[in-house]
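Novice: Here's a structure for you.
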Amino acid sequence: MSIGVPALLVNWFDSLSMAEQIVAALGIALALGWIAYILISIWNEKERKRREYLQAVLEFRWRDDISPIEFEQCCADYLGLKGWNAATTGRSGDQGADVVARKASHLLVVQCKKYSRPVGNKAVQEVIAARTRQHFCVRGVHHFARTGQLLVAPG
């Protein structure tokens, strides 16, 4: 006949004197308190880092070592903070659509460029290829190069 772990613990606890039961109960309570403290500390640290990240996204503060994929996620997160339902496409061959966002009846397609130089007209041409959507834009960490400015200039 097999006795489960809870039954073994109850039998063990019942075999203790009243003083030993009090000490055991206090030890268990202390251990559970420490576990709760550690878990809450971990959760608070994660929450603090998440708040710092979201604040940096709102202020367009990027780390210098951020990857292009991370930059796309930051752009999607920024749109999410501004009320859009945004997600990265997460694939190559996306015809210029790195982030797709929806808000009410609007659809926004974003081409994200993490360049160390100004964004040129190639990036603008790529997003124009995805222009079958209602709205589109190119987002970079720098301004547009002259050729990119000419391509997107109205009229």
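Novice: When you go through Arg48, Arg63 one by one, which is the residue that is surrounded by 10 or more Cβ atoms within 10 Å (Cβ to Cβ) and in a helix (DSSP H, G or I)?
Specialist: Arg48
Novice: With respect to Ala56, is the statement that it is closer than 30 Å to Phe71 by Cα and either among the aliphatic types (A, V, I, L, M) or not in a helix (DSSP H, G or I) (or both) true?
Specialist: Criteria met by Ala56.
Each reported figure results from applying straightforward, stated rules to the coordinates on display, with no laboratory input. Source: prediction; values computed, not measured. When we count neighbours, we look across all protein chains shown, and the Cβ atoms used for this are built from the backbone with ideal geometry, even at glycine.
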